[in-house]
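The values are calculated or read from the model by the stated rules, or taken from the named source; none is laboratory data. Given the structure is predicted, the values throughout are model-derived calculations rather than measurements. Neighbour counts run over all protein chains shown; Cβ positions are idealised from the backbone, glycine included.
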Amino acid sequence: MLPALTYEPLDPATVNNPYPVLAALREQAPVSWHDGMSSWLVTRYADCTAVLRDHTVFARDRRRTGQTVPAASLSVQSLDPPDQAGVRSLFMNALRTQDLPALEARARDRASVLLREAAERPSFEVMAELAAPLSLSVVCDLLGVDEPPLVEFAAASDAIMRSMDGGLDPSVVEPGRQAREELTTLVDSWFTETGRPSGLLAHVRAHTPAGADKAEELFVRNTARVMFQGGYSTMTAALGNALHTLTAHPEAQERLRANPRLVPKAAEELVRYDGPVQGTSRTATRTTTIAGIPIPAGDPVVLLFAAANRDPARFPDPDRLLLDRRDNRHLGYGWGTHSCIGTRAAQACVRAALEALRTHRTPLRLTGRTRRQPSATMRTFATLPATLQP
């Protein structure tokens, strides 16, 4: 008999701080059935990575278990190998052609400008005035496209992000579908009109096979949309979490300000400590087991990255923020063939923000009550008021 669960991902207390309840799950019921989510929850690092490696048994593509997937949802993130191989290779090869150090340098300059502007006011909103504009700038720079209006795009991205929790709150599904359609129209224009001659999408357009069928072309465009919106929302969340963590640990912020060599490891540790992506789902293609627990064929499995990233069996002293932590292969952006394509760019964005903050004349401090976005999928802030004034 499995123990009863008390994990409610949208409960305000859990949204604010999920780590105590996730630790209890990991210790008492590392693989457990959750009635409300109609899924198995997996919380240990080793179990999560084992599932992520085994795409033969644990499917990301729900069509493999007889479910229907809308055409607009078919992308590199929802396809499994070998169907995924062509489009993933196309985008990964395009990413390798990009000058990421130069992109990081531009991001650092942009972050410095945003911080200087924010420092002129007694208080500013970190998410709206720093994390969001910097993330949009970086993802558009990477793709080689013009920035859309931030306010409208942020609203559409938020609706798409909220729709990921449709199983817990059906009211968010339709707004997310509408926002996805609007964003699809924008992304389609990048493929039908003459775009910039440089950037990741220019490489993708140039190297998409001339004889690609409609399905393959759809996968490519959907992947571009997912990379654009998902990259923006993940970067924004990661930046907000990282900056909040530094305000909660002023000694860590001072240590970072004093030592530039800490920036690369600090960027990884901040994402491990309070990452943007809470988890992901798979479906068992056949009856199997996880850590000795029988998993029937067709059952959904939710891998809770936030729990795995605090697993003491993988990360010594996991609840401590250690800016120089070694061997820090966290699950902040997923793992394996379905990990975020833009992980390197996202971490470049985090490093750029940390370097800009490190060299700013004053540290960052909170000035008011923060509020988390109620989401089971993405851990991010709705409001994060702060100041850079002495």
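Tell me whether the range 142-153 contains one or more residues that are assigned to a helix (DSSP H, G or I), over 17 Å from G199 (Cα atoms) and of a type in the set (A, V, I, L, M). Among the residues of the range 142-153, at least one is assigned to a helix (DSSP H, G or I), over 17 Å from G199 (Cα atoms) and of a type in the set (A, V, I, L, M), which makes the answer yes.
Out of A345, A313, A382, one residue alone is surrounded by fewer than 17 Cβ atoms within 10 Å (Cβ to Cβ) and either in contact with a strand residue (DSSP E or B) (Cβ under 7 Å, 6 or more places away or on another chain) or within 27 Å of I160 (Cα to Cα) (or both). It is A382. Every condition in (1) over 21 Å from the mean Cα position of the chain (by Cα); (2) more than 23 Å from T288 (Cα to Cα); (3) without any contact (Cβ under 8 Å) to a residue 60 or more places away in the chain holds for E8 except the one numbered (1). So the check is Cβ under 8 Å with 6+ separation or different chains; which pairs have a first residue in the range 360-374 that's more than 13 Å from V126 (Cα to Cα) and a second one that's aliphatic (A, V, I, L, M) and in a loop (DSSP other than H, G, I, E, B)? So the pair list comes out as H360/L388; T362/L388; P363/L388; P374/L10. Checked against (1) more than 20 Å from A179 (Cα to Cα); (2) in contact with a Gly (Cβ under 9 Å, 6 or more places away or on another chain); (3) assigned to a helix (DSSP H, G or I); (4) touching a residue at least 60 places away in the same chain (Cβ under 8 Å), M92 passes all but a single condition, namely (2).
One residue stands out in the range 297-355 among those that are in a helix (DSSP H, G or I), among the charged types (D, E, K, R) and at pLDDT 95 or above: the one that is nearest to the chain's Cα centre (by Cα), namely R351. Listed by first and then second residue, the pairs linking a residue in the range 174-195 that is without any contact (Cβ under 8 Å) to a residue 40 or more places away in the chain to a residue that is surrounded by 12 or more Cβ atoms within 10 Å (Cβ to Cβ) and among the acidic types (D, E), with Cβ atoms under 9 Å apart and 6 or more places separating them unless they lie on different chains, are A179/D158; F191/E217.
Looking for something in contact (Cβ under 8 Å) with a residue 60 or more places away in the chain, more than 24 Å from D165 (Cβ to Cβ) and out of contact with any strand residue (DSSP E or B) (no Cβ under 9 Å at 6 or more places or on another chain) - is there at least one such residue anywhere in the range 56-79? Looking through the range 56-79, at least one residue is in contact (Cβ under 8 Å) with a residue 60 or more places away in the chain, more than 24 Å from D165 (Cβ to Cβ) and out of contact with any strand residue (DSSP E or B) (no Cβ under 9 Å at 6 or more places or on another chain). Here is the figure for the range 65-82: residues that are surrounded by fewer than 17 Cβ atoms within 10 Å (Cβ to Cβ) and over 18 Å from the mean Cα position of the chain (by Cα) total 10. Of the residues T370, T380, T387, T343, the single one that is out of contact with any Phe, Trp or Tyr (no Cβ under 8 Å at 6 or more places or on another chain), polar (S, T, N, Q) and at negative phi is T380.
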